[in-house]
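Below: one structure, written as structure tokens.
The values are calculated or read from the model by the stated rules, or taken from the named source; none is laboratory data. Note that the structure is predicted; figures quoted are calculated from it, not measured. Quick reminder, even Gly has a Cβ in these numbers, built from the backbone with ideal geometry, and neighbours come from all protein chains shown.
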Amino acid sequence: MIFDILTIFPSMFSSPLEEGMVAKARERGLIRVRLHNIRDYAEDKHHMTDDRPFGGGEGMVMKPEPIVAALRSIQADGPAPRTILLTPQGRLFSQEIARRLSEIPRLVLICGRYEGVDERVAQHFTDDQLSIGDYVLTGGELAALVVVDAVARLIPGVLGNEGSALEDSFSRPVLEHPHFTRPRDFEGMSVPPVLLCGNHESIRRWRRGQALLRTSERRPDLFAGLELSREDRELFEESKK
Ligand code: 9D3
């Protein structure tokens, strides 16, 4: 999978792509990330990437010419790849969208800055527009990193543990149970005794109850959509005691 990223701040991508699973995936050639500085495609002598909005108002708008020149230069070597604009006006990014994107061999991600990009870029040069959530960022770069991270880990061979990408908690609509590791007593805080008892059935039932309890408390929206089995209802009630 190749990601081509268009940005005026390519250095924002260095360390996030140089650590952890994404770095491993790049080293192993499972993904490639190519950064393109939009400013390099600006033809004017000051390499301007933004301009004042027609109609007036606050802030600046990203000019279409440098973005489109960058798109054309990276498309010169093949068929038009799937092109996504990161924008607060996009549809909400989700695990389902990440899964679909992970099946595409090449993605182009355009990171907006300022008030956004000229609408003609959005309308005529992108296939999709994504937002990562209802909060205000300073630009699309962190959103693009979120998309790369979420998509990369779904590519076969990227995760050490092959099965786990499939059954992650947002594939199933239940939050995960709590996790504990050594020491058994940390500054007076102990691990729930059931996890030390060695009875795998008891542990499974406790974890399921905790997962349901957390989901009801933290994500009532997800909990409302669950169809609980008889056992689930029993474990959920037990977890509340
Ligand atoms: C005057 C209104 N503007 C500032 C509040 C709107 C605005 C423009 C540009 C708000 C944010 C941004 C920059 N954000 C992104 O480019 C962005 C984003 C986001 O802010 N939240 C969630 N997902 C994304 S994807 C790109």
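Yes/no matrix, rows are residues, columns are (1) of a type in the set (Lys, Arg); (2) at pLDDT below 95; (3) in contact with a Phe, Trp or Tyr (Cβ under 7 Å, 6 or more places away or on another chain):
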| position | (1), (2), (3) |
| --- | --- |
| 144 | no, no, no |
| 147 | no, no, yes |
| 162 | no, yes, no |
| 188 | no, no, no |
| 191 | no, no, yes |
| 200 | no, no, no |
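Among the residues of segment 58-77, count how many are part of a loop (DSSP other than H, G, I, E, B) and surrounded by 10 or more Cβ atoms within 10 Å (Cβ to Cβ).
Summing the residues that are part of a loop (DSSP other than H, G, I, E, B) and surrounded by 10 or more Cβ atoms within 10 Å (Cβ to Cβ) in segment 58-77 gives 3.
In segment 30-69, what count of residues is obtained for those that are in contact (Cβ under 8 Å) with a residue 60 or more places away in the chain and aliphatic (A, V, I, L, M)?
Looking only at that region, the number is 4.
Anything in segment 120-140 that is loosely packed, with under 13 Cβ neighbours inside 10 Å, farther than 12 Å from residue 92 by Cα and within 7 Å of the ligand (Cβ to nearest atom)? List them, or say none.
Scanning segment 120-140 gives 136, 138.
Within segment 103-121, can you find the residues that are closer than 21 Å to residue 151 by Cβ and not acidic (Asp, Glu)?
104, 105, 106, 107, 108, 109, 110, 111, 112
Give the residues of segment 87-119 that are assigned to a strand (DSSP E or B) and surrounded by 14 or more Cβ atoms within 10 Å (Cβ to Cβ), sorted by residue number.
87, 88, 90, 106, 107, 108, 109, 110, 111, 117
Is at least one residue of segment 25-41 over 26 Å from the mean Cα position of the chain (by Cα), at pLDDT 95 or above and farther than 15 Å from residue 151 by Cα?
yes
Given the structure, is residue 170 closer than 30 Å to residue 213 by Cβ and at pLDDT 95 or above?
Considered against the rule, which asks whether it is closer than 30 Å to residue 213 by Cβ and at pLDDT 95 or above, residue 170 comes out as no.
Just the residues that are among the acidic types (Asp, Glu) and within 16 Å of the ligand (Cβ to nearest atom), please, taken from segment 45-96.
50, 51, 58
Of all residues in segment 1-39 being touching a Pro at 6+ places or on another chain (Cβ under 8 Å) and assigned to a helix (DSSP H, G or I), which is nearest to residue 67 (Cα to Cα)?
Step by step, filter segment 1-39, then rank; the result is 38.
Taking the condition of being assigned to a helix (DSSP H, G or I) and either at pLDDT below 95 or more than 16 Å from the ligand (Cβ to nearest atom) (or both), how many residues in segment 149-160 meet it?
Selection size over segment 149-160: 1.
Among the residues of segment 189-236, what is the count of those that are outside any helix (DSSP H, G or I) and within 14 Å of residue 176 (Cα to Cα)?
Narrowing segment 189-236 to residues outside any helix (DSSP H, G or I): 189-192, 197-199, 219, 225-229.
Next, from what is left, pick out any that are within 14 Å of residue 176 (Cα to Cα): 219.
Number of matching residues: 1.
May I ask you to verify whether residue 97 is over 15 Å from residue 37 (Cα atoms), free of Cβ contacts under 8 Å to residues at least 40 places away in the same chain and under 24 Å from the mean Cα position of the chain (by Cα)?
Considered against the rule, which asks whether it is over 15 Å from residue 37 (Cα atoms), free of Cβ contacts under 8 Å to residues at least 40 places away in the same chain and under 24 Å from the mean Cα position of the chain (by Cα), residue 97 comes out as yes.
Which residues, taken from segment 100-119, are within 13 Å of the ligand (Cβ to nearest atom), over 13 Å from residue 89 (Cβ atoms) and in contact with a Ser or Thr (Cβ under 6 Å, 6 or more places away or on another chain)?
Listed by number, the list holds a single entry, 111.
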